[in-house]
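Below is one structure, written out as structure tokens; comments come after it.
The values are calculated or read from the model by the stated rules, or taken from the named source; none is laboratory data. Please read all numbers here as calculations on a predicted model, not as lab measurements. With ideal geometry, Cβ positions are generated from the backbone for all residues, glycine too; neighbour counts draw on all protein chains shown.
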Amino acid sequence: MKKDFDVVILTDSRYLNDSTTNDYKHNVYYEDRLVYHALEQVGLKTLRLAWDDMFFDWSTTKSVLFRTTWDYFDRFDEFSVWLETVSKQTTLLNSKALIKWNIDKHYLLHIESKGIRITESHFIEKGAKVTLAQLHDILNWEETVLKPCISGAARHTYRLTSETLTTHETLFQELINKEAMLLQPFQYQIVSKGEVSMMVFNGRFTHAVLKKAKQGDFRVQDDFGGSIENYTPTEDQIAFAEQCVNACPELPIYARVDIFEDNDGEIALSELELIEPELWFRHHKEAALVLAEGIKEKLM
């Protein structure tokens, strides 16, 4: 059957239109337009839609590209049903298998099994009968970060110390009854030096940015006042990022590899983002064309 489109770029309804008053929304729209024009430049017929568009027939496009579907973790059950349905009608970029693998931070254990250094991590499974005080005592960790295994935009992410364990205990018990959680030692270098995001398309590194938290915070996301700047990585950092991507179950079309210098002074993986990462095309417009060429190669 002839397809009407080659690629549908996926966003969520909040970002369908440009904004002249909200820089955040404008950046989302602008970067998606860069991707749109790059896809058109390599000869791919393209459309941009919200992922939950109820009127579009997903079987009429060869592929869908996850870009800014940033409400999926708030609507996870709905998104999961949609993902299963649409995956039977078109090609997902990245694939459904990669998305499902990457949604849950247990993927870090797979990466670690490939000999890649990750943030030291302890997984607490749903329904576990344990307290925060017991965990910190067993692990001998004094300052930590607690986060859900399925999350985004620092949802339910908390910095814990011996003084705050008691105040977070009730919330922790509520969370662990609903979902698996992840506890990690607090990484002081992220606060002092920042976190580096490395963009890798089809296994090839293109550009990087340095993200820093605002004074008094530890979260580097711009949602929480974090800042970004262009960054020139070392050869070791580039090799590390490409190694992380090649350790995936299959090669992603796009990936963002978040790395940092851990408490032991070693390069470590913080997060591997394969679903809908911010990719900062506005800082490196040429990368949109690299992505588009990779998609064309995949589809042809």
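List of remarks:
- Checked against (1) touching a Leu at 6+ places or on another chain (Cβ under 6 Å); (2) free of Cβ contacts under 8 Å to residues at least 40 places away in the same chain, Ser162 passes all but condition (1).
- Failed condition for Ala180, given (1) more than 24 Å from Tyr72 (Cα to Cα); (2) outside the structural domain of Cys244 (by TED's automatic domain parsing); (3) in contact (Cβ under 8 Å) with a residue 40 or more places away in the chain: (1)
- Test: residue in the stretch 193-212 that is touching a helix residue (DSSP H, G or I) at 6+ places or on another chain (Cβ under 9 Å), of a type in the set (Ser, Thr, Tyr) and either modelled with pLDDT under 95 or crowded, with 17+ Cβ neighbours inside 10 Å (or both): yes
- Enumeration of residues in the stretch 1-48 that are closer than 16 Å to Trp70 by Cα, of a type in the set (Lys, Arg) and not in a helix (DSSP H, G or I): Arg48
- Scanning the stretch 101-129 for residues that are in a helix (DSSP H, G or I), touching a Leu at 6+ places or on another chain (Cβ under 9 Å) and of a type in the set (S, T, N, Q) turns up just one, Asn102.
- Residues in the stretch 19-41 that are free of Cβ contacts under 8 Å to residues at least 24 places away in the same chain and closer than 23 Å to Arg75 by Cα were compared, and the one that is surrounded by the fewest Cβ atoms within 10 Å (Cβ to Cβ) is Lys25.
- Matching residues, the stretch 66-100, being more than 18 Å from Pro252 (Cβ to Cβ) and not in a helix (DSSP H, G or I): Trp70, Asp71, Phe73, Asp74, Arg75, Lys88, Gln89
- From the list Asp71, Asp77, Asp57, Asp52, the lone residue that is acidic (Asp, Glu), buried (at least 18 other Cβ atoms within 10 Å of the Cβ) and in the same structural domain as Asp12 (by TED's automatic domain parsing) is Asp71.
- One residue stands out among those in the stretch 242-300 that are of a type in the set (A, V, I, L, M) and in a loop (DSSP other than H, G, I, E, B): the one that is farthest from Asp71 (Cα to Cα), which is Met300.
- Within the stretch 233-261, considering residues that are among the small types (Gly, Ala, Ser) and touching a residue at least 12 places away in the same chain (Cβ under 8 Å), the one nearest to Pro185 (Cα to Cα): Ala241
- Selected residue (criterion: surrounded by the most Cβ atoms within 10 Å (Cβ to Cβ)) from residues of the stretch 80-111 that are closer than 17 Å to Ala180 by Cα and charged (D, E, K, R): Lys105
- Restricting the stretch 112-140 to residues that are hydrophobic (A, V, I, L, M, F, W, C) and crowded, with 18+ Cβ neighbours inside 10 Å, the residue that is nearest to Asp258 (Cα to Cα): Ile118
- The single condition among (1) surrounded by fewer than 16 Cβ atoms within 10 Å (Cβ to Cβ); (2) among the charged types (D, E, K, R); (3) modelled with pLDDT under 95; (4) touching a Ser or Thr at 6+ places or on another chain (Cβ under 7 Å) that Lys147 does not meet is (1).
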